[in-house]
1. Give the carbon-plus-sulfur fraction of the accessible surface of the chain in %, rounded to a whole number; probe 1.4 Å, heavy atoms of protein chains only.
2. I'd like the FRET efficiency for N39 and Y99, computed as 1/(1 + (r/R0)^6) with the beta carbon distance as r and R0 of 22 Å, rounded to 0.05.
3. For the chain, take the longest principal axis of its alpha carbons; what is the angle in degrees between that and the long axis of helix 89-114, to the nearest 10 within 0 to 90?
4. Could you work out how far apart the two model spin labels at I169 and A128 are, taking each label as a point 7 Å from the Cα in the direction of the beta carbon, and quote it in nm?
5. Which value in deg cm²/dmol, rounded to the nearest 500, describes the helix-derived mean residue ellipticity at 222 nm for the chain, given -39,500 (n - 2.57) per DSSP H run of n ≥ 4 and division by the residue count?
6. For segment 86-199, with only Lys/Arg (+1) and Asp/Glu (-1) charged at the beta-carbon, what is the dipole magnitude about the Cα centre, in debye rounded to 20?
7. When the chain is modelled as a GNM with alpha-carbon springs shorter than 10 Å, which of L67, L55, L20 fluctuates the most?
8. How far, in degrees from 0 to 90, does helix 58-78 lean away from the longest principal axis of the Cα atoms of the chain, to the nearest 10?
Amino acid sequence: MQSSKKHDTPLITSTSSSILTALAFALVILTYRLLPGGNNFSPVGAIAMLGGSLLASRLGSIATPLLALFVSDLILSTTLYANYNMFAPGIFAVLLSRYACYALYPLMGRLIAARGRRIEHLLFACLAGSLMFFFVTNFVTFLVFNPKTWTSFLDCYLSALPFYRNLLIGDVLFTGLFYGAWRLVEIFHAQQQTQSAGE
């Protein structure tokens, strides 16, 4: 007889908790992106993935990181990069490619949640997400800004390799940190429930 036990995780289903969690995720992304430096080493992918695993609303889990990214781009384009017009067609096309890639992270997070959050699934998601981001965003950058030659095509990707390395390392480290913290919270909650039941 097949077991009826599922690997579904305890999603945050209450409206107030979902809103607070989404706001916290968005605030972390916004704050980190406004800090100097980074060079693609960021928690955005990991937070987007965790949001997909935690938030019951698929639309909410996708909208949260995208909104934080858009707002931070708006702030950066009017402060630190005052000569940077994010709505210029070429630049906005590259930004849209980034948003599209990050929109897939929450979907991977939902698949991971449904399959029990195995380490190999998390690592595969980090690799797949970072590769997708690398190939898609740099291809759009090549189409918009670079001469249409094979040399320029290769140079576009080769020059982006250090940024890809930082993106992959950030995805792996932050995903391990956030999912590990979530697991610790689950263990603590289970222990509290066990103690309460024994009293």
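The values are calculated or read from the model by the stated rules, or taken from the named source; none is laboratory data. Every value quoted in this text rests on a predicted model; they were computed, and no experiment measured them. Every residue, glycine among them, receives a Cβ derived from its backbone with ideal geometry; neighbour counts consider all protein chains shown. These accessible areas exclude ligands, DNA and RNA; they are computed on the full protein's heavy atoms, side chains included. Shrake-Rupley method; radii C 1.70, N 1.55, O 1.52, S 1.80 Å.
1. Values: 8150 of 11660 Å².
Within the chain, the accessible surface is 70 percent carbon and sulfur.
2. Efficiency computed from Cβ-Cβ geometry: 0.70.
3. Relative to the chain, helix 89-114 is tipped by roughly 20 degrees.
4. 2.5
5. Details: 7 runs with 153 residues, N = 199.
Calculated mean residue ellipticity at 222 nm is -27000 deg cm²/dmol.
6. Here segment 86-199 has a charge dipole of around 200 debye.
7. Its mean-square fluctuation being the largest, the pick is L20.
8. Compared with the principal axis, the helix lies near 40 degrees.
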